[in-house]
Amino acid sequence: MSEELERILARLTEPDNAVIQQATAELKQAFKDPAIIPALCALMTESQNPQVRQSAAVMLRLRVRKHWKKISPDHRERFGTLYLNKIYFFNYYTVCSHISTLNSVQVGLLLLSKVVGSNPEPFKPHYKQLLQLFGTVLQDLNNPTALYYCILTLTAITAYTGTEEMNLMRSLIPKLLIALKHLIQADQDHASEAMEVFDELMESEVSIVVPHIAEIVRFCLEISADVSLSDSLRVKALSCIAVLIRLKSKAVLKHKLLQPILQVVFPILSAAPPPGEEDPEDEENDTEGDSENPKHFAVQVIDTMALHMPPEKLFNQLLPFTQTCLSSENPYERKGGLMCMAVLAEGCADHIRTKMLSSMLQTVCRSLSDNNQVVRSAALFALGQFSEHLQPDVSKFHAELMPLLHGYLSAVNQTKIGHMTKAFYALENFLENLGPEIEPYLPTLMETMLSALNNAENLKLKELAVSAIGAIANAAKEMLVPYFPPIIESLKGFLTDTREEMRTLQTQALDTLSVLARTVGKEVFSPLAAECVQLGLNLTDGVDDPDLRRCTYDLTYLGKSNGNIVTLNLLARCCRVRLCLSLSSRLFRFLLCKSTNQDSVHSLRFSVENAYIDEKEDACDALGEIAFNTGVNVKGLVFNYSESFDQLLHISLYISPALHKLLQVVLPCFLEAVRQDRERQVVMAILESMNAVIKSCQGEALQAPGILAEISNTIKDVLKKKTVCQDVGGDEADDDEQQAEYDAMLQEFAGEGIPVLASALPAETFYPHLNDLLPLIMSKAKPSCTEADRSFSIGTIGETLHSLVGVAGGSAVAGRLSNRLLPVLVAGVRDSDAEVRNNSVFALGALAQAAGPIVASDYPMMLSLFSNLLSKESDLRVIDNLCAALCRMIMSHIEGVPLEQVFPALVACLPLKEDMEENKTIYSCLTFLYSHNPVLVQAHFHSQHAQLTAPY
C-alpha cells in the first residue's frame, strides 16, 4: 500500500486542480483501509520526497490524534514500534548534514510530541527507547526546533515513568540544562514553555532532580537575574526555585544555595519599574489577579523560604539583605524590605513573636509615615500580615497602632481606592482580633465607617466600610449595639437596590449581616431576623451569583433567634444549589474509593476550587446547622431533591450501620493521604478532620479491625518525619533538630490526635500505642528544642493525662506512666518560657487528677515545686493554672494535701485573672472542700469574700 499511497501524496502537490481532486478522492478511499497507519509511518521515514514525508507526517498526526481509540490494538503497537525504530536507528548525525532530512527529524519530533502529549500511556513500553533518543537529540545544540519538541515530549511522559526509567531520566538532566540554555538564545517563548519540564520532574518524582539540584538552581538564578530576558521566562525560573525550596529545602540548605538565591532575589523584588510605570500592586486599577511579574514571584520565593526553612537559618542570612533595603534612599528598595518582612510573618510567626516583633513593628510604623506612597502601601500590607499571623502578641501594641491606623485612614485621599483598600486591609485584620480592647476606639471608628456608608460615592469604599464593620463586630460584640440601628438601615438599603453594579456590595452586606447576627445578641437581632433572611432570599431568586447565595446560607444562624419559619424558608433555598448534588455524591464516592491501581491514583493531581464549590459547602453547613439548632427534619424536607443527598444526610444525622461503613472508607483514605500527599497544608487539614471525626464519634470510629494501630502508626510516621510532605529521603537528610515552623505545626496536628484517641477508648486498649508514641513526644521537651517544641510536647502530655481522667482504667495507666513523665514535667515547671511552665503545671495537675492516690508519694515534691514557683512567678496565666492544679490534687487525694497551709495560699490567688476556663475546676474544688471540711472553708471565706466574688 505504501507505493500507491506515495503516488497519491505526490499528486497532491501537482499544480493541476483536476489531478489534485482525483488524488483527494483516492486518498479518502485509502483512509478506509486499516493499513493506512503503517503505510503513513513508512512514508514519513523512508520516502525520498521531502514533500511526501511532510504530508505523511501531518496526516498521520491528524489520524492518530482524532481516531486513536478506533485504531486496532495491533496497529497501535505496530505504529509505536515502527515509528520509534525508524527514528532511533536513523544515523542522526549523518542526516543532520542534509537539510531535507533535518526537516524530517523536526517533523518527526513534532509528531511525536503531539501524539505522546495527547495520550502518553500507550507509549510506556517504549519509554526507555524514547529516553535514549532524547539523550541523542538534546546534544544537537544547533537544532533548537528539535530541542523544543524533544523537551515537550519528555515533559509529557515524565508523570508516567516508573522506577526502571529513573536512571535514564536522571542522566538527561545535565544535557537538558545545556539544551535549554541554547533554546533560550534561539526562542525565548519556546524556552519558557520547555521550562515546564522541571515542574513535571519535581512534582512527579523529585528524586530525579535531587542529585542535580545545585546545577538547576544556578541555572534558574542565571535566568532570573538576566533583565534582558522575557518576564515569562524569568517567572518560570523563579517559580522553579520556589518549588525546589518547597519540596527539598534541606537539600537547598545543604548545598549552601540560600545565599546565592537571596543575592539574586533581592535585586528583583526591590527593582524600580520602568520610567512612567508602576508595579501592578501599586496601580489604582489593580485587579489582584495573577501577575506574570518577576517581582511578584521573587516575593513568593521569600514566602516559600519562610514556610519551609528553619527560621534561625533563614534569618541569619536574610536579615542583612532586608536591613540594607530598609535603610536605602531608593523607595523601591525600602518597599522590597517591607514586602520581605510581610511574607515572613506566616511561616516564621513563632520566631518573630518571641524575638523580633517589637523591632519589626517599629519599622512598619515608621514606614507608614514615609514620604513615598509605594512604601506606605507596602507598610500597610506588612501590618495586615502581622495582624493576621502574629496574634495575639501583635494586639498588645494596640495603644501605638490604633491611633496611627485610624489617623492614617482619615488622612488618605479617598479617591485613591487602591490605596484605601490596603489601608482597610491592615485595619480590618488588626481589629478582628482586638476583642474588648476595642472599646476606647469604637466611637471614632464607627463615626468613620458610618460616614463612609452614608456619604461616600464610590461603591468600593462602601464595600470596604461594610467589611470593616464586620471585623469591628467580631471584636466589639454587644458594645456595637448603640450603632446597630444606622448600620442595619444602611445594609437594608444596599440589599434592596436592584442595580447590577451593587452585586459585590450586596454580597459583603449579607456577609456582615451574618456576623452581626452572631455578635450583637439575640435580643437585638431577633426582631429583624425574618426580614433580613427574606432580603437575602429575594436577591438569590433574582440573581445567579454563587457568592450571593453562599452569604445567604450563612444567615442560617438567624434560625436560632426566629424559629422554624425562617429556617424552613432558607432550607428550601439551600437545597436548590446550582451544582447537582447527585453529581457531588458520585464525585465524593470516587474520591474515597479504594483503587487497586495505586499508580493511577497517585498520578491524579488536580483540584476543584471555585465559587460554586464554596457555595455548595456552605449550603451543606447550613443544613447541618438548621438541623442541629431547630430540630427540623431535614431528611424529610430534602428527600424530593436528590436521593443520593438523602443518603448522605442519613449518614450525617443518624448513628447507624451506614455511619460505620462510611468511617471504614473515610479513615483509611485519611491515613493514606497523610502518608502520601505532598502538600503539608493538605495533610494538616486531613489530620484536623480525622481528629474531629474521632472526637465526635469516639469508639464508633475505631471499631474496624486494625484501625487503631493504623492511626497510631500514622501519627508515629508524622512525628518521625517519614511522610512524603516532610521532605524525607535522599542524601540530603540530616539529624539537625531545627525545622521550619510549618513542619513543627504538622507534627502538632498529629500530636493532637493522641489525647483524642486516649479519650475515645478504654485506657488499657490504647496503652500499648501510647507507650510507643510517648518517647517521640517527650523527645521534644529537651532543653535544646525550641520553645514551641517544648510547649507542644508538654501540652500534649498534659492533654493526654487529662483525657485519661474520664475513661475506664485511666487511673492505673496514668500511675504506670508517672515515673516516666514526672522528670519531664518537673523540668518544664522550671523552664524559662512562660507557656512551657503553664503547660507543665497543667500537666502535673492532670497527672494528680488521673492517677489519684497512686501518686500520693509524689505529692510533697509537687507541692514544694508549686510553692517555689508561686513565690516568683509573674505570669498570670501560669498562676491561674497553678491554682487549678492544686484544686485537682485536693479533689483527687485530699489526704495528701496539708490544707491548713495550701488552702490560704490558694484563696489568696483568687479570683483567676486570665485562664477563665479553669473557674469550673476552682469552684468544683471549693464545693468539694465545703462538703468535707466546712469549718476550713468558712474560716477563710469571709476574709476573702470580696476577692472571690470579684468580676472576671
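The values are calculated or read from the model by the stated rules, or taken from the named source; none is laboratory data. Here the structure is a predicted model, which is why all the values come from computation and not from measurement. In this analysis, Cβ positions are derived from the backbone assuming ideal geometry, glycine residues included, and neighbour counts consider all displayed protein chains. The protein model used for the area step is the full one, side chains on, heavy atoms only, and it has no ligands, DNA or RNA in it. Shrake-Rupley method; radii C 1.70, N 1.55, O 1.52, S 1.80 Å.
Candidates Ser867, His932, Leu912 compared by Cα position along the dipole of the range 816-951: farthest toward the positive end lies His932, with charges placed on Cβ.
A crude spin-label estimate for the pair Leu442 and Gln534, with each label 7 Å from Cα along the Cβ direction, gives 3.1 nm.
The mean sequence distance of close C-alpha pairs (under 8 Å, at least 6 residues apart), as a share of the length of the range 816-951, puts its relative contact order at 22 percent. Using only the Cα atoms of the range 816-951, build the gyration tensor, take square roots of its eigenvalues as a ≥ b ≥ c, and label the shape rounded, prolate or oblate: rounded if a/c is under 1.5, else prolate if a/b is larger than b/c, else oblate. Judged from the Cα gyration tensor, the range 816-951 comes out oblate (a/c at least 1.5, b/c at or above a/b).
Applying the Karplus relation 6.51 cos²θ - 1.76 cosθ + 1.60 with θ = phi - 60° to the range 355-371 yields 3J(HN,Hα) values of 10, 9, 4, 4, 5, 5, 5, 4, 4, 5, 4, 4, 5, 5, 9, 4, 7 Hz, where x marks Gly and Pro. Taking 0.36 nm per residue of sequence separation and removing the Cα-Cα distance, the Ala186/Ser832 pair yields an extension gain of 226.4 nm. Counting only heavy atoms of the protein chains and using a 1.4 Å probe, Asp497 has close to 40 Å² of accessible surface. 3J(HN,Hα) along the range 393-406, derived from phi through the Karplus expression 6.51 cos²θ - 1.76 cosθ + 1.60 where θ = phi - 60°, amounts to 4, 5, 5, 5, 9, 4, 4, 7, 7, 5, x, 5, 5, 5 Hz, with x in place of Gly and Pro. How high is the FRET efficiency between Leu12 and Asn771 when r is their beta carbon distance and R₀ equals 56 Å, given to the nearest 0.05? So, using R0 = 56 Å, E works out to roughly 0.10. Estimated from the Cβ-Cβ distance and a Förster radius of 60 angstrom, the FRET efficiency linking Ser207 and Gln21 is about 0.55. Among Arg499, Arg170, the sequence by solvent-accessible area, most first, with a 1.4 Å probe is Arg499, Arg170.
Counting heavy atoms of the protein chains alone, Glu900 has an accessible area of about 120 Å² for a 1.4 Å probe. Taken along the Cα-to-beta-carbon direction at a fixed 7 Å, the label points for Asn119 and Gln29 span 2.9 nm.
Net length available on complete extension from Ser526 to Glu764 is 80.7 nm, with 0.36 nm assigned per residue and the Cα-Cα distance removed.
Split the accessible area of the range 816-951 by element, probe 1.4 Å, and carbon with sulfur accounts for 56%. If the chain linking Ala411 and Ala272 were pulled fully straight, counting 0.36 nm for each residue of separation and taking away their Cα-Cα distance, it would gain 47.4 nm. From the square roots a ≥ b ≥ c of the eigenvalues of the alpha-carbon gyration tensor of the range 417-548, which class results: rounded (a/c under 1.5), prolate (a/b over b/c), or oblate? In terms of gyration-tensor shape, oblate.
When peptides 133-141, 270-278 are ranked by their average number of other Cβ atoms within 10 Å per residue, the highest-first order is 133-141, 270-278. FRET efficiency for the Leu141 to Ala456 pair, using the beta carbon distance and R₀ = 56 Å, is estimated at 0.35. Remark: spin-label model distance Phe928-Val227 equals 7.2 nm, labels positioned 7 Å along the Cα→Cβ axis. Taking every protein chain into account, the accessible area of the range 317-394 amounts to 36 square angstrom per residue (probe 1.4 Å). Of the solvent-accessible surface of the range 307-417, computed with a 1.4 Å probe and all protein chains present, 52% belongs to carbon and sulfur. Overall form of the range 90-244: oblate. Here a/c, set by the Cα gyration tensor axes a ≥ b ≥ c, is 1.5 or more, and a/b is not larger than b/c. A simple rule links phi to the HN-Hα coupling: the Karplus curve 6.51 cos²θ - 1.76 cosθ + 1.60 with θ = phi - 60°, which for the range 449-454 gives 5, 5, 5, 5, 5, 8 Hz, with x for Gly and Pro. Peptides 34-46, 907-919, 794-806, 419-431 ranked from most to least packed by the mean count of surrounding Cβ atoms within 10 Å: 794-806, 419-431, 34-46, 907-919.
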